[in-house]
Amino acid sequence: MTISHRRILTASLSAVLMLLATAASGAAAPSPASSPVAPSTASATAADGQRDFNWEIGTWRSTVRVLADPLSESPDEWLEFSGTSTVRPLADRRANVVELEVSGPAGSIDAINLRLYEPQAQRWSLTFVNLRDGLLTPAVYGGFRDGVGEFYGDDRLGDRPIKVRFLVTRVGQDEARFEQAFSADGGETWETNWVAVDHRVRR
């Protein structure tokens, strides 16, 4: 079975993706459009933005569903995986990293999602690392509004330019949902190809 994307939406998923289950890939790239904020007004809001992912620090049980052949005419086939997602703070929580380890009948996914906060632009960048080949995928950019994180980028799937959308939803104190979708028509319509649901592991 070949999986045709390498981006993992796992921002804790659940967040994160980058896919590397039994085969390899296609991906998603950046859309760095954001208005910088003057240094005099950026500090307070930047500090607030840097706390956006604080709730996710820790270990989660993850269940992941991945669409095997996104943006194709073939019937939908969803591959299922389960395992853990661990979110660790970096640089005094101005950044964090997600380590995803899940497996299922189709193979395994081992990936890293590096998240960095850009104070001047008041946005986050999410960059996925495919541990199968050690390569970075193009970042997606965005932030949180009304409790939902929305991140967008531009990429290619095979020889087609596509747009990528990654959503992070905090369902409750101990549950989060991550969804990745691709668009081949400039964002007019979206096809979800990755859904991860995380439940916090209490220690």
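All of the numbers you see were taken from the coordinates with simple rules; none came from a lab. Quantities reported herein were computed from a predicted structural model and do not represent experimental measurements. Counting neighbours? That spans all protein chains shown, and the Cβs are built from the backbone with ideal geometry, glycine included.
Roughly what would the spin-label model give for L136 and T86, points 7 Å off Cα along C-beta, in nm?
So the label points at L136 and T86 sit 2.3 nm apart.
What does the extension gain come out to for A184 and Q120, with contour length at 0.36 nm per residue minus their alpha carbon separation? Walk me through the intermediate numbers first.
Numbers: separation 64, 0.36 × 64 = 23.04 nm, distance 3.07 nm.
Length difference between fully extended and current span is 20.0 nm.
If each residue of separation counts as 0.36 nm, what is the full-extension length gain between H199 and D76 once their alpha-carbon separation is subtracted? Kindly include the intermediate steps, with their values, before the conclusion.
Values: separation 123, 0.36 × 123 = 44.28 nm, distance 2.62 nm.
Gain on extension, H199 to D76, equals 41.7 nm.
Give me the distance in nm between label points sitting 7 Å out from Cα along the Cα-to-Cβ direction at V148 and E175, one decimal.
1.7 nm
Using +1 on the beta carbon of Lys and Arg, -1 on that of Asp and Glu, and nothing else charged, what's the dipole of the range 123-175 about the Cα centre, debye to 20? Please report the intermediate quantities before stating the final value.
Working: 8 positive and 8 negative charges, 32 e Å.
So the dipole magnitude of the range 123-175 works out to roughly 160 debye.
In nm, give the distance between the simple-model label positions of W55 and R156, each being 7 Å from the Cα along the Cα-to-Cβ direction.
3.8 nm
Where does the charge balance sit around G186 when Lys and Arg score +1, Asp and Glu -1, over other residues with C-beta under 15 Å from its C-beta? Please report the intermediate quantities before stating the final value.
Values: positive: R156, R160, K163, R165; negative: D154, D155, D185, E188, E191.
Combined, the nearby Lys, Arg, Asp and Glu give -1.
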